[in-house]
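Colleague: Have a look at this one.
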Amino acid sequence: ALRQRKKLMTKNGTKLHIRAAGITDIGCVRERNEDAFLGDVENGLFIVADGVGGHARGDVASRMVVKLLPQIIKRRTCEMPIPGAGDDPAIPEVLAESLSELSQRIHAAGKDTIEYKDMGATAVVALLTCQHAHITHMGDSRAYLFRDGELRQLTEDHSIVSLLLHHGELTSQEAEKHPAKGRLTRYVGMEAEVDPDAQTIELKPGDRLLLCTDGLWGMVPHKQLCG
C-alpha cells in the first residue's frame, strides 16, 4: 500500500496538490501476486504493471517494470535538450521510447534464462509535470481520468477483443464472454518491437487519475469505479 502527497507550483503560480495512494492484492486465482506499482510523488512518476497471464514468471517481469523503467526515464529525460523539463512537448515521446527500451531488455532477459522464457507484463505510466499528465502504456492496464463526476478511460487496451470492438465486430456484451478475452496484442517483453501509445492531457483542479490492472477494471463495474 502507498500514501503520499506533495505540493507543486505551476507556471502561472497556481498551487497543484498531488496526493497518491495505491494498493495491490493477490486475488483468488494465482499463487503469486503478479501486480507491481510505483508511486513516486516527489518526481511525479506513477507506474502500474501486471504479469501477462500464461507466461512464465510474470511477477518477475512486472517487478522489472517498476524497478528499471524509472532509471531509463531519468536517463532519457536528462539527455533531452534544454529545457528538457516542465511541460516539454517531447516528454510523451521520451516516455514511449523508455517503455520500448524496457520491453527489449525484459525480452532479452527472458531469452537468457530458461526459467524466465517468454515472460512479459502490461504497463501503464503517468508522469506529472506542472499542469499536464503524460501517459504511455502497453497491454490492458489502464489509465482513467475522473473529472466533474465522470470517469473517462484514457487508454485503449492492446488486446484482440479491443480490436474487434473498435472495428464493430463485437458488442460490449459479446466481448465479456469472448474466448479471446485477455489475449494481448502488445505487452512489455514481447518479441516483436511494437511502439507503446503515448498522450498528454491538461490537468484541472480536482482531477483524479486512476492507474489499474484488469484485476480491478475487469472485476468492478464501471459505475462502481466512479464511486
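The values are calculated or read from the model by the stated rules, or taken from the named source; none is laboratory data. Bear in mind the structure is a predicted one, so any value in this text is a computation, not a measurement. Note: ideal-geometry Cβ built from the backbone for every residue, glycine included; neighbour counts use all protein chains shown. Quick note on the areas: whole protein, heavy atoms, side chains included, nothing else; ligands and nucleic acids left out. Shrake-Rupley method; radii C 1.70, N 1.55, O 1.52, S 1.80 Å.
Colleague: Please report how many Lys pairs in the chain have alpha carbons closer than 18 angstrom, counting only residues at least 8 apart along the chain or sitting on separate chains.
Modeller: Counting lysine pairs in the chain gives 6.
Colleague: Heavy-atom accessible area per residue, the chain, 1.4 Å probe: how many Å²?
Modeller: So the chain comes to 58 Å² accessible per residue, rounded to a whole number.
Colleague: Right, something else. Between ASP207 and GLN153, what length in nm is gained on full extension when 0.36 nm per residue of separation is reduced by their alpha carbon distance?
Modeller: 18.1 nm
Colleague: Can you give me the % of accessible surface on the range 98-200 that is carbon or sulfur? Probe 1.4 Å, all protein chains present, nothing else counted.
Modeller: C and S atoms contribute 46 percent here.
Colleague: How much length is gained if the chain between ARG183 and GLU31 is pulled fully straight, taking 0.36 nm per residue apart and subtracting their Cα-Cα distance, in nm to one decimal?
Modeller: Roughly 52.7 nm would be gained on extension.
Colleague: What number results when the radius of gyration of the chain, computed over Cα atoms, is divided by 2.2 N^0.38 Å?
Modeller: Taking the Cα Rg and dividing by 2.2 N^0.38 Å, one obtains 1.01.
Colleague: Calculate, for ALA108 and LYS74, the FRET efficiency according to 1/(1 + (r/R0)^6) with r their C-beta to C-beta distance and R0 22 Å; round to the nearest 0.05.
Modeller: 0.60
Colleague: Still on this structure, I have one more. When only the heavy atoms of the protein chains count and the probe is 1.4 Å, how do CYS226, CYS212 rank by accessible area, highest first?
Modeller: Correct descending sequence by accessible area is CYS226, CYS212.
Colleague: Sticking with this one: Residue-wise, which Karplus ³J(HN,Hα) couplings in Hz belong to the range 59-69, taking 6.51 cos²θ - 1.76 cosθ + 1.60, θ = phi - 60°, and x for glycine or proline?
Modeller: For the range 59-69, the Karplus curve yields 5, 5, 4, 5, 5, 5, 4, 6, 8, 8, 4 Hz.
Colleague: Follow-up. At a probe size of 1.4 Å, how large is the accessible area of HIS107, to the nearest 10 Å²?
Modeller: In the full protein context, HIS107 sits at about 50 Å².
Colleague: Still on this model: Can you compute the FRET efficiency between ALA90 and HIS167 using 1/(1 + (r/R0)^6), with r the Cβ-Cβ distance and R0 = 45 Å? Round to the nearest 0.05.
Modeller: It comes out at approximately 0.90.
Colleague: Given the convex hull over the Cα atoms of the range 114-227, what projected area results after averaging over all orientations, in nm²?
Modeller: Averaged projected area of the range 114-227's Cα convex hull equals 8.9 nm².
Colleague: Could you work out [θ]222 nm for the chain from helices alone, using -39500 (n - 2.57) per DSSP H run of at least four and dividing by all its residues? Round to the nearest 500 deg cm²/dmol.
Modeller: Rounded to the nearest 500, the figure is -8500 deg cm²/dmol.
Colleague: What accessible surface, in Å², does a 1.4 Å probe find on LEU45, ignoring ligands, DNA and RNA and rounding to the nearest 10?
Modeller: Its heavy atoms expose roughly 10 Å² to the probe.
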